[in-house]
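Below: the structure, in structure tokens.
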Amino acid sequence: MKVCYCDESGTGDEPIAVMAGIVVDSQRMHVTKEHWGRLLSTLSEIIGHKLTELHTKDFYRGSGVWRDLDGSRRAEVTDIILEWFGDRKHHVVYSAVEKQKYLESRKKGRIPLELDTLWRFLGFHLILSVQRCFRKQQKRKGNTIFVFDNEERERTHFIDLIMSPPSWSGTYYEKRQSQQPLCEVIDVPYFGDSQDVSLIQVADFIAFFLRRYAELNDGLIPEKYAGEADRVASWARTIAKRSIGRNHIYPKTRRCQCAEIFFSHAPASIREL
């Protein structure tokens, strides 16, 4: 059994929104949580403050408890965290959307009504991608539990969507007539607080850097410092190495109408990552 911990980045005025999921084997989940706690202790020693939760936006800006750590040292910490993640052999699934393009398409009626919020658009794509990836690995019903960061406004609608997915979504994972929809998913999605569910913090970290990469690479925002785009691109490529596979997220060819919706609204840099 697997658990996918999910969080999003770019819910404010940013031009891109990204949701990322950390796919963890349940047998290694407790060990990973323990190791994350140790990593936070190590980071606490580096900054001289007790760190119980990693807020990536504050970390990257150098605000809050990170204000005394200069940019080069924060870059070293980023390397440490990504190395920590890579060593654990977990996988990443992600979805990204150009927000203005999405809003224009929604206004023109080109977005399915079931996906009429950015959060739902990203979340459903994440689940479809995991379903597509793991659908042939197990013959039994269900293999993955999804845990999202608290999103009270979306909870009820999203649970309804996953419990009764629209028929048009089945082509994304080549659903057979005899197959139950979203058969990879165990039960309804769960929602938790990132302060209590540590791996949601890791998902936030991954989502932030993928979003930053897309915005810089696609020329949507300027660099904060010389060389930022190249450095962030290197981190994004490191993250992509642990992806469940681009063919499951943004297939290059033979896309069904459902897959085309997500592909056509994603930043080019993320589609090609």
_Go through segment 143-194 and report how many residues are among the aromatic types (Phe, Trp, Tyr) and closer than 20 Å to VAL18 by Cβ._
5
*Given the structure, is ARG153 at pLDDT 95 or above, of a type in the set (D, E, K, R) and either within 24 Å of PRO267 (Cα to Cα) or in a helix (DSSP H, G or I) (or both)?*
no
*Among (1) touching a residue at least 24 places away in the same chain (Cβ under 8 Å); (2) surrounded by fewer than 20 Cβ atoms within 10 Å (Cβ to Cβ); (3) small (Gly, Ala, Ser), where does SER167 come up short?*
(1)
*Just need a number here: residues in segment 41-88 that are closer than 16 Å to ARG231 by Cα, touching a residue at least 40 places away in the same chain (Cβ under 8 Å) and not in a helix (DSSP H, G or I).*
0
*Pairs under 8 Å by beta carbon, first residue without any contact (Cβ under 8 Å) to a residue 24 or more places away in the chain and of a type outside the set (Gly, Ala, Ser) in segment 96-110, partner surrounded by fewer than 18 Cβ atoms within 10 Å (Cβ to Cβ) and outside any helix (DSSP H, G or I), six or more apart or different chains?*
ARG106/ASP116
*For segment 14-44, which residues satisfy the criterion of being more than 18 Å from LYS57 (Cβ to Cβ), over 16 Å from the mean Cα position of the chain (by Cα) and of a type in the set (A, V, I, L, M)?*
MET29, VAL31, LEU39
*Within segment 89-121, which residues are surrounded by fewer than 18 Cβ atoms within 10 Å (Cβ to Cβ) and at pLDDT below 95?*
LYS89
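Can you give me the number of residues within segment 113-136 that are part of a loop (DSSP other than H, G, I, E, B) and farther than 12 Å from TYR172 by Cβ? Outline the logic, then answer.
Quick first cut of segment 113-136, residues part of a loop (DSSP other than H, G, I, E, B) only: 116-117, 135-136.
This time we only want the ones that are farther than 12 Å from TYR172 by Cβ, so: 116-117, 136.
Count: 3.
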*State whether the residues of segment 40-52 include one that is of a type outside the set (Phe, Trp, Tyr), surrounded by 19 or more Cβ atoms within 10 Å (Cβ to Cβ) and out of contact with any Leu (no Cβ under 7 Å at 6 or more places or on another chain).*
no
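Out of segment 162-193, which residues are small (Gly, Ala, Ser) and part of a loop (DSSP other than H, G, I, E, B)? Reasoning before the result, please.
Initially, segment 162-193 is screened for residues small (Gly, Ala, Ser), giving 164, 167, 169-170, 178, 192.
Matches in segment 162-193: SER164, SER178.
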*Return a yes/no flag: does segment 143-150 have any residue that is within 26 Å of ASP196 (Cα to Cα), touching a strand residue (DSSP E or B) at 6+ places or on another chain (Cβ under 7 Å) and of a type in the set (A, V, I, L, M).*
yes
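Residues of segment 112-132 being over 18 Å from VAL18 (Cβ atoms), in contact (Cβ under 8 Å) with a residue 60 or more places away in the chain and of a type outside the set (D, E, K, R), which ones?
Hit for segment 112-132 is PRO112, nothing else.
The values are calculated or read from the model by the stated rules, or taken from the named source; none is laboratory data. If you're wondering where the values come from, they're calculated on a predicted model, not measured in any experiment. Positions of Cβ are backbone-derived with ideal geometry, glycine not excepted, and every protein chain shown enters the neighbour counts.
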